[in-house]
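Okay, so here's the structure we're looking at.
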Amino acid sequence: MKVLLRKRIRKLGTIGDVVEVKPGYARNYLLPYGIAMIPSEINLKRIEKEKEAYLAQLAREKEELRDKAELISGKEVTITARANETGHLYGSIGPAQIAYAMNEIGISISPNEIKLSEPIQQLDRYDVTVELEEDITATIHVWIVAMHEPGMEDEQVSSTDDAGKDESSKGADSIPEEES
């Protein structure tokens, strides 16, 4: 079924394009939500005016995205994570954590804009691509460093020391005796 697009749909077309889609997609989504209309001479003329305004707005938005790409390109962000002795993370770092870290330094990025081939699972420095638009990308540098947990060594030592004590002296709420 041929429809005339009133809005840009990624990987389908832009405003004013006449595209071929499956009838169910047109009937159930594109036509009821006003995203497309049946192509006719009247509708084609009406869309031409909307297309001019859309192209002007699109040019402004692309320029803003290019400026944003220049701003974020080359930025570095550090994410701390728990890891074992060999540098393998206990979890993984994905787009949401990277976007959060970028937002923390004042750069607003959506997790959907961050492109990772697979989640990060190792301590290291990674070059991550941020795709703001299909043809506008930037590269940021993400450092994954080990989280130092103070007292972790103390916990391991105290757990081995508890083995020799009797049951009455163990407990999270036991209070040390005061010296007189």
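Some points to look at:
- Report note on the peptides 129-135, 98-104: ranked by the mean count of other C-beta atoms within 10 Å, highest first, their order is 98-104, 129-135.
- Total charge dipole magnitude, the range 73-146, about the Cα centre, Cβ charges on Lys, Arg, Asp, Glu only, Debye to nearest 20: 320
- Exceeding the 22 Å Cα-Cα cut-off - candidates LYS2/LYS62; LYS68/LYS115; LYS22/LYS62; LYS11/LYS51: LYS2/LYS62; LYS22/LYS62
- For the range 1-106: rounded, prolate or oblate by the Cα gyration tensor [a/c cutoff 1.5]: oblate
- Packing-based exposure ordering (other Cβ within 10 Å, fewest first) of ASP124, ASP17: ASP124, ASP17
- Coil-residue chymotrypsin sites (Phe, Trp or Tyr not before Pro) of the range 23-71, DSSP, other Cβ within 10 Å capped at 11: TYR33
FYI, it's all coordinate maths here, none of it is from the lab. Computed from a prediction, not measured in an experiment: that's the story for all the values here. Cβ sites come from the backbone with ideal geometry, for glycine too, and all protein chains shown count toward neighbours.
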